[in-house]
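K.L.:
Have a look at this one before I ask anything.
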């Protein structure tokens, strides 16, 4: 099947034909490091990590760029506030923090979250402050072509003239007259209130370190300009895919496209946008207290569970968080892990008998078809769990050579699919607590008991099967038989944490 993606610009699913055969170039918007990462940031990173992993699996030599916006109005405002009010970091009160120190501190929080959740490092991760020269060059090109102008009020601002570019609004399918005014700079120097800032002149009260010399006076870049300059520096004037959250379509991506195209660059062939994360159907808002952060999720569940939850929906759909969401994701991950643990135990035994030990192989056709079809992750996960069920059936059928081969094939496919989905990488660099280690050990031991119970039931050895169930019950582990295997849970959990109260599934 041909690889196909939804293009926001044309509002249709189109065949992916790379600009260069065998290569793929991807730019997706990273963090504006003015605060700790929120769940939308992390979902977007996981979505585009899944995309780039699939492109690589399909044989594309993929170049990935994810920017860091380390100069911004909010960064400067928070730094200024810290001089007046101070702030608390890691329990320590600090009276003030320079804007660049604040930006770097939050950048490291983002990097830690990405790493813990298995998001691969991009090929390049440029900072805006390191590309001022490229931004000056882009502004000069726009002025020369008649699409930008310095403000006449002497502020040092430079604006993009939206009415000079006939294609403005094409990405979001809007008319200029229906758009709201741009609020990124003082409107007094603008020809049209919708014109947006390419360069912001230095203002009284702003730190001198937050400005750079330019042909239009000291100042700093506008937000939209930064991404255009960095994308084209590392990927060229035309590249395959530009991605980001749906909230960035307007004005950020609309303005990126306009200024880049007006400067003569082809820019992105595809525009891909991931959906938002809601809380029980409502937009997350600090003011009403329905916000959950990635850090809070990682306190409730291991990284692989958090990644599974954040990456389980179709990337263009809304992902709704509920208090039971991580528990449901934990049960799904436990089922996958339970099969992998039992299958590896069997295949390692076979390896001792001279058989080859399986490793990640090719993904099943159903998984590949789903991923090729605009990254249909729900269907891909269905293929993953179907393979787990098939592998568990082979495990439960007995220990013959034919069953061992079936288990080995299923294990190879499961390992391939979890690698594509990044589930093998999440948590690889996270510190493991004693509680996590204890839960993993318990899971392996219980799964082994349930596997033995399943074999006893298959042999109609009801006495042995009942004895195993009674032993688990005496240990506080409740077992419930289901059509696709047995489920177990701690009968009387003493904590509300997901890893100790979650329902766990095995194929036994």
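K.L.:
Return the only residue of 391, 402, 361 being at pLDDT below 90 and part of a helix (DSSP H, G or I).
P.N.:
Exactly one residue qualifies, and that residue is 402.
K.L.:
Within region 57-101, how many residues turn out to be assigned to a loop (DSSP other than H, G, I, E, B), over 23 Å from residue 131 (Cβ atoms) and in contact (Cβ under 8 Å) with a residue 24 or more places away in the chain?
P.N.:
Residues in region 57-101 being assigned to a loop (DSSP other than H, G, I, E, B), over 23 Å from residue 131 (Cβ atoms) and in contact (Cβ under 8 Å) with a residue 24 or more places away in the chain: 3 in total.
K.L.:
Also, I was wondering about something else. Within region 89-96, is there a residue that is over 19 Å from residue 225 (Cβ atoms) and surrounded by 13 or more Cβ atoms within 10 Å (Cβ to Cβ)? Spell out the reasoning first.
P.N.:
From region 89-96, those over 19 Å from residue 225 (Cβ atoms) are 89-96; that's our starting set.
Subset that is surrounded by 13 or more Cβ atoms within 10 Å (Cβ to Cβ): 96.
Yes, region 89-96 contains at least one residue that is over 19 Å from residue 225 (Cβ atoms) and surrounded by 13 or more Cβ atoms within 10 Å (Cβ to Cβ).
K.L.:
I'm told residue 306 meets every condition in (1) out of contact with any strand residue (DSSP E or B) (no Cβ under 6 Å at 6 or more places or on another chain); (2) surrounded by fewer than 21 Cβ atoms within 10 Å (Cβ to Cβ); (3) modelled with pLDDT of 90 or more except one. Can you identify the failing condition by its number?
P.N.:
(2)
K.L.:
Would you point out the residue of region 1-31, among those that are touching a helix residue (DSSP H, G or I) at 6+ places or on another chain (Cβ under 7 Å) and not in a loop (DSSP other than H, G, I, E, B), that is farthest from residue 291 (Cα to Cα)?
P.N.:
24
K.L.:
Could you tell me whether residue 347 is outside the structural domain of residue 143 (by TED's automatic domain parsing) and over 23 Å from the mean Cα position of the chain (by Cα)? Spell out the reasoning first.
P.N.:
Working: outside the structural domain of residue 143 (by TED's automatic domain parsing): yes; over 23 Å from the mean Cα position of the chain (by Cα): yes.
Judged against the criteria, residue 347 is a match.
K.L.:
Given 426, 454, which one is within 29 Å of residue 309 (Cβ to Cβ) and either in contact with a strand residue (DSSP E or B) (Cβ under 9 Å, 6 or more places away or on another chain) or modelled with pLDDT under 75 (or both)?
P.N.:
Every option except 454 fails the conditions.
K.L.:
On to the next question. Has region 239-246 got at least one residue that is out of contact with any helix residue (DSSP H, G or I) (no Cβ under 8 Å at 6 or more places or on another chain) and surrounded by 19 or more Cβ atoms within 10 Å (Cβ to Cβ)? Can you show your working first?
P.N.:
Step one: filter region 239-246 for residues out of contact with any helix residue (DSSP H, G or I) (no Cβ under 8 Å at 6 or more places or on another chain), giving 240, 246.
Filter again for surrounded by 19 or more Cβ atoms within 10 Å (Cβ to Cβ), leaving 240.
Yes, the conditions are met somewhere in region 239-246.
K.L.:
Which of the residues that make up region 453-475 are closer than 20 Å to residue 389 by Cα and surrounded by 14 or more Cβ atoms within 10 Å (Cβ to Cβ)?
P.N.:
Once the filter is applied, which keeps residues that are closer than 20 Å to residue 389 by Cα and surrounded by 14 or more Cβ atoms within 10 Å (Cβ to Cβ), region 453-475 yields 453, 454, 455, 456, 457.
K.L.:
Which numbered condition trips up residue 26, out of (1) closer than 30 Å to residue 322 by Cβ; (2) buried (at least 23 other Cβ atoms within 10 Å of the Cβ)?
P.N.:
Going through (1) closer than 30 Å to residue 322 by Cβ; (2) buried (at least 23 other Cβ atoms within 10 Å of the Cβ) one by one, residue 26 breaks only (1).
K.L.:
Counting only residues that are touching a residue at least 40 places away in the same chain (Cβ under 8 Å) and more than 25 Å from residue 380 (Cβ to Cβ), which one in region 276-298 is surrounded by the fewest Cβ atoms within 10 Å (Cβ to Cβ)?
P.N.:
Checking each candidate, the answer is 280.
The values are calculated or read from the model by the stated rules, or taken from the named source; none is laboratory data. None of the values given here were measured: they were computed from a predicted structure. Note that we place each Cβ from the backbone using ideal geometry, even for glycine, and neighbour counts take in every protein chain shown.
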